[in-house]
Amino acid sequence: MPTEKTGVLIHAIAGLGILHSLTGIIAKHLGDIVSIAILDQNDTDSQIYFEIVSPGLEPMLADLAGLPVVKNVEVVKSLDKIYGKRIIIMGGGAQVGQVAIGAVSEADRHNIRGEHISVDTIPLVGEQTLADAVRAVARLPRAKALVLAGALMGGDIEKAVREVRQKGLLVISLNMAGSVPDAADLVVSDPVQAGVMAVMAVADTARFTVERLKRRVF
């Protein structure tokens with residue numbers, strides 16, 4: 001069975017049962033849908049993006065294009081090949097900016113060598129707002145690491161950190177007041193270094209694993 005993901009962008013007529021029709025064709029051809037997103041939808045048109053692993057891509061595409069509701073089928077590069085792994089940075093604006101400097105600079109070094117690592121930032125304040133955002137990272141496609149950048153985080157944010165870590169997300173915290181540093185995988189005092197270490201931890205082109213560190217606070 002193939003393991004290569006193919007991006008398929010479908011422009012269809014909007015209406016009830018569109019996804020049912022499309023996924024039925026994909027299942028008929030033993031296609032494994034690994035990701036799906038509705039990119040745009042209005043009263044008349046809908047654009048739907050699939051990432052599919054399929055043993056019979058060409059026949060499947062032909063059958064999709066033959067559906068009466070389908071206007072166009074386009075094969076595109078998967079988001080893994082373009083944007084790759086995602087680093088998410090959230091917290092106070094000044095600290096987020098400094099972490100991003102390190103992460104973007106280090107990602108550039110690895111991406112030149114063939115990696116695909118992207119960096120997303122969102123300045124946020126407030127315990128509940130941050131806790132909700134932390135939990136949502138586990139639902140983001142391709143998110144591999146979260147960096148919490150701030151001066152004080154605890155309470156429900158700490159609970160959220162422990163939850164997403166159990167789901168396999170790497171969490172790095174700045175050395176700050178509150179209980180979040182106690183819950184994180186790694187605690188780094190320098191925000192620029194925190195960004196660098198986050199990228200190194202997820203990059204295939206780096207010989208760095210958090211599990212092998214003898215200490216977790218830097």
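Derivation of every value follows stated rules applied to the coordinates shown; laboratory data play no part. On a predicted model such as this, the values are computed, not experimentally measured, just so you know. No Cβ is skipped: glycine too gets one built from the backbone with ideal geometry, and neighbour counts run over all protein chains shown.
Which trypsin sites (Lys or Arg not before Pro) does segment 39-110 hold that lie in a coil by DSSP with at most 12 other beta carbons within 10 Å? Display every interim value, and only then the final one.
Details: sites: LYS71, LYS77, LYS81, LYS85, ARG86, ARG109; in loops: LYS77.
The qualifying sites are LYS77.
Among ASN175, ASN111, ASN42, whose mean-square fluctuation peaks in a Gaussian network model of the chain (Cα, cutoff 10 Å)?
Residue with maximal mean-square fluctuation among ASN175, ASN111, ASN42: ASN42.
Test of understanding: in a Gaussian network model of the chain with alpha carbons linked when under 10 Å, which of PRO141, PRO55, PRO181 would top the mean-square fluctuation ranking?
Of PRO141, PRO55, PRO181, the most mobile in the Gaussian network model is PRO55.
Could you list which residues have their amide H under 5 Å from that of VAL119, counting only those 5 or more apart in sequence or on another chain, with H placed in the peptide plane?
Answer set, sorted by chain and number: ILE87.
To make sure I understand, if each residue's beta carbon is the centre and we count other beta carbons within 10 Å, what order do ILE10, ILE82, ILE26 fall in, fewest to most? Before the final figure, lay out each step's value.
Details: ILE10 22, ILE82 11, ILE26 19.
By the 10 Å Cβ count, ascending, the order reads ILE82, ILE26, ILE10.
Among the DSSP beta bridges whose two residues both lie in the chain, what percent are antiparallel, rounded to the nearest 5? Display every interim value, and only then the final one.
Numbers: 22 of 44 bridges.
For the chain, the DSSP antiparallel bridge percentage is about 50.
Taking the Cα centre of each part, how many Å lie between segment 103-124 and segment 33-72?
Each part's Cα centre sits 30 Å from the other's.
Compute the signed sum of charges (Lys and Arg +1, Asp and Glu -1) over the other residues within less than 11 Å, Cβ to Cβ, of VAL202. Before the final figure, lay out the partial values.
Numbers: positive: LYS85, ARG86, ARG142, LYS144; negative: GLU106, GLU115, ASP204.
Residues close to VAL202 contribute a combined charge of +1.
Can you pull out the trypsin sites (Lys or Arg not before Pro) in segment 122-169 whose DSSP state is coil and whose Cβ has at most 12 other Cβ atoms within 10 Å?
Working: sites: ARG135, ARG139, ARG142, LYS144, LYS159, ARG162, ARG165, LYS167; in loops: ARG139, ARG142, LYS167.
Passing sites in segment 122-169 are ARG139, LYS167.
Kindly express, to the nearest 10 degrees and within the range 0 to 90, the angle between helix 191-202's C-alpha long axis and the longest C-alpha principal axis of the chain.
Value to nearest ten degrees: 50.
Note down the net charge around ALA133, summing +1 for each Lys or Arg and -1 for each Asp or Glu among other residues with Cβ under 13 Å from its Cβ.
Numbers: positive: ARG135, ARG139; negative: ASP120, GLU127, ASP132, ASP156, GLU163.
With Lys, Arg at +1 and Asp, Glu at -1, the neighbours total -3.
From the phi of every residue in segment 36-50, what ³J(HN,Hα) in whole Hz does the Karplus formula 6.51 cos²θ - 1.76 cosθ + 1.60 yield, where θ is phi - 60° and glycine or proline is x?
Values, residue by residue: 8, 8, 8, 7, 7, 8, 9, 5, 10, 10, 9, 10, 10, 10, 10 Hz.
In a GNM of the chain with a 10 Å cut-off on Cα contacts, which of GLY93, GLY17, GLY168 has the highest mean-square fluctuation?
GLY17
Relative contact order for the chain using alpha-carbon pairs under 8 Å, separation at least 6, rounded to a whole percent? Before the final figure, lay out each step's value.
On the way: 430 pairs, mean separation 38.9, N = 218.
It comes to 18 percent, rounded to a whole number.
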